[in-house]
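The values are calculated or read from the model by the stated rules, or taken from the named source; none is laboratory data. These numbers come from a predicted model, not from an experiment. Here Cβ is always computed from backbone atoms with ideal geometry, including for glycine, and neighbour counts include all displayed protein chains. Keep in mind that these areas ignore ligands, DNA and RNA; they rest on the heavy atoms of the full protein, side chains included. Shrake-Rupley method; radii C 1.70, N 1.55, O 1.52, S 1.80 Å.
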Amino acid sequence: MRTAHRVETVRAAEAALMARLPDGALMARAAAGLAAACCSLLGKGRVYGSRVVLLVGSGDNGGDALLAGARLARRGAGVTAVLLGTHAHEGGLAALRAAGGRIADDPFAPLATADLVLDGITGIGGRGGLRPDAVPVARAARGSDAVVVAVDLPSGVDADTGEVTGEALRADVTVTFGTYKPGLLVDPARAYAGALRLVDIGLADELPGVPDLEALQHQDVARLLPVPGAESDKYRRGVLGVVAGSGRYPGAAVLTVAGALHGGAGAVRYVGPAADAVIARHPETLVHAGPPDRAGRVQAWVVGPGLGDEPGVAEVLASEVPVLVDADGLRGLDPALVRARSAPTLLTPHAGEAAALLGVAREDVEAGRLAAVRELAGRFGATVLLKGSTTLVYGAEGGPVRVNPTGTGWLATAGSGDVLSGLAGSLLAAGLRAVDAASCAAYLHGLAARRVSEGRGPVTAGEVAGALGGAWRDVTAGA
């Protein structure tokens, strides 16, 4: 599992570790790992004679860049530092000069021929984008043919929130130290980070046991997914009720049911006006004219996809089993009604729906996704899966925000959210906690889309549903 910690947590851990280490030892560790990463990026045998430019700010990130640059210079690289802060790390400057590196008079000339640029302008304490004097240099670096490597975090992004409120320098690779920072995992900042490399500097024992963010990996999902035993029947595996679709949007019902059936539900009970369309595509579905409380026994409900103005949301929320609310079910949803429930509730909005629930602009949600998912969970007393380029899951009980690491831009297609709702609902019906059902569903959903799109591009929601079984097998193959 990847974990990320806020700046204040990292600072405290670094201070505790530095108190036990010789002066400068922690920075030396970071610089050694950074230099090693740069060597691998330049390629075997290509460090000698390569041209490296260091963009050096006033903070410790500038010191890391200078010390790493000194190591590269000692291996035969031509290293030039561009000083952009009010002062530079004295020990780093001395080490670079002693190794044969030089300080640029013209900040732009060395960038024109650079093979690699180290971005050490600002560090994890930076806020509000690059300073105006650094902007033209950063643009020149990005416009060059060099590989841009961010030191700990791309300059100009917010380490804690992932927000980018001014100009930032987009990296090809970010080499981060000790632990991931939230902004490296959450858009819009994630898009500036490029490929991530984590350098161990010995912080693990100083960090708290509960991180601020976590990203599940294959083995984490495999441990959470339900496995039917020999004595299992459809009721033990979980029966999911689905209230979705309308005369205008019958496909939403079909896709929600598809997600549930391919997501391991023992059975699906469908309630709504799209019964004929559902049975035509999925004859194993149990259909009922409604209302939901007369449809039969279920272990969880999904309500909302393509529902339009059809009834059902209030009736489902009155039940005593877990409920997932999506799409049209979120429209005008009353926080008091959700908070009054005794059973878990899972809300799955996209940015526009989240904005409507919070009474803010969509752009505000997209710019501050971490704040939005936490605010929604607190306001509704529910677990929230916030869909988007970075899908986030936050539990009603608090804890770390989960960041989904799978997916593809091709998932931005009609009906893919309906499939996700059915899949997450099936895992709720199987007995998973709401935060685990949402996290596993997002992971499998994104993995299935990757399987379908690999080598061919666009996908349809139906194809994603059909690929869920393969994604499930990929995750559990080594478990």
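Okay, here's what the table says:
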quantity	calculated
Per residue solvent-accessible surface (Å²) - the chain, probe of 1.4 Å	40 Å²
Where GluC sites (Glu not before Pro) fall in DSSP loop in the stretch 365-402, at most 11 other Cβ within 10 Å	none
Only Lys, Arg (+1) and Asp, Glu (-1) charged, at Cβ; the stretch 79-148 dipole about Cα centre in debye	180 debye
Rule-of-thumb Rg ratio for the stretch 378-479 [Cα; 2.2 N^0.38 Å; N residues]	1.05
Arg450 accessible area, 1.4 Å probe, all protein chains in place, Å² to nearest 10	100 Å²
Distance histogram in 10 Å bins (all Cα pairs of the stretch 310-450, percent per bin)	13, 47, 35, 5
Potential lengthening between Val135 and Ala336 on full extension [0.36 nm per residue; Cα-Cα distance subtracted]	67.6 nm
Probe 1.4 Å, all protein chains present, accessible-area order of Leu21, Leu385, largest first	Leu21, Leu385
All lysines inside 26 Å of Lys387 as judged from Cα atoms, apart from same-chain residues fewer than 8 positions distant	Lys181
Of the GluC sites (Glu not before Pro) in the stretch 272-322, those whose Cβ has at most 12 other Cβ within 10 Å and which sit in DSSP loop	Glu284, Glu320
Sum of side-chain charges, Ala15 neighbourhood, beta-carbon under 14 Å (Lys, Arg +1; Asp, Glu -1)	-4
Alpha-carbon spread of the stretch 155-298, three principal axes, descending order, Å	58, 41, 25
For the chain: relative contact order, % (alpha-carbon pairs under 8 angstrom, 6 or more apart)	13 percent
Enclosed volume per residue, in Å³, of the convex hull spanned by Cα atoms of the stretch 66-200	106 Å³
Binned Cα-Cα distances of the chain, short to long, each 10 Å bin given as a whole percent	4, 20, 25, 20, 15, 10, 5, 1, 0
Angle between the chain longest axis and helix 416-429 axis [Cα atoms, degrees, rounded to 10]	70 degrees
Accessible carbon and sulfur surface of the stretch 223-266 relative to its total accessible area, %, 1.4 Å	51 percent
Fully extended contour minus Cα-Cα distance, from Arg294 to Ala314, at 0.36 nm per residue	5.8 nm
Residue among Pro182, Val278, Leu225 farthest towards the positive dipole end of the stretch 182-329, charges placed on Cβ	Val278
Summed side-chain charge close to Ser389 - residues other than Ser389 whose Cβ falls under 12 Å, Lys, Arg +1, Asp, Glu -1	+1
Extension gain (nm, one decimal) between Ala15 and Ser389, 0.36 nm per residue minus Cα-Cα	131.2 nm
Net +/- balance of residues flanking Leu255 in space, Cβ distance below 12 Å, scoring K and R +1, D and E -1	-2
MRE, 222 nm, helices only [DSSP H, n ≥ 4, -39500 (n - 2.57), over the chain, to nearest 500]	-11000 deg cm²/dmol
Rounded FRET efficiency, nearest 0.05, which uses the C-beta distance separating Leu196 from Asp276 and R0 of 41 Å	0.25
Cβ-derived FRET efficiency at R0 51 Å, Ala361 paired with Ser40, nearest 0.05	0.75
Within the accessible area of the stretch 25-139 (1.4 Å probe), percent carbon and sulfur	53 percent
Kirkwood Rh in Å, taken over the stretch 262-337 so that all alpha-carbon pairs contribute	13.1 Å
Computed magnitude of the charge dipole of the stretch 270-346 (debye, nearest 20; Cβ of K, R +1, Cβ of D, E -1)	200 debye
Order of exposure, largest accessible area first, which applies to Trp472, Trp410 with probe 1.4 Å	Trp410, Trp472
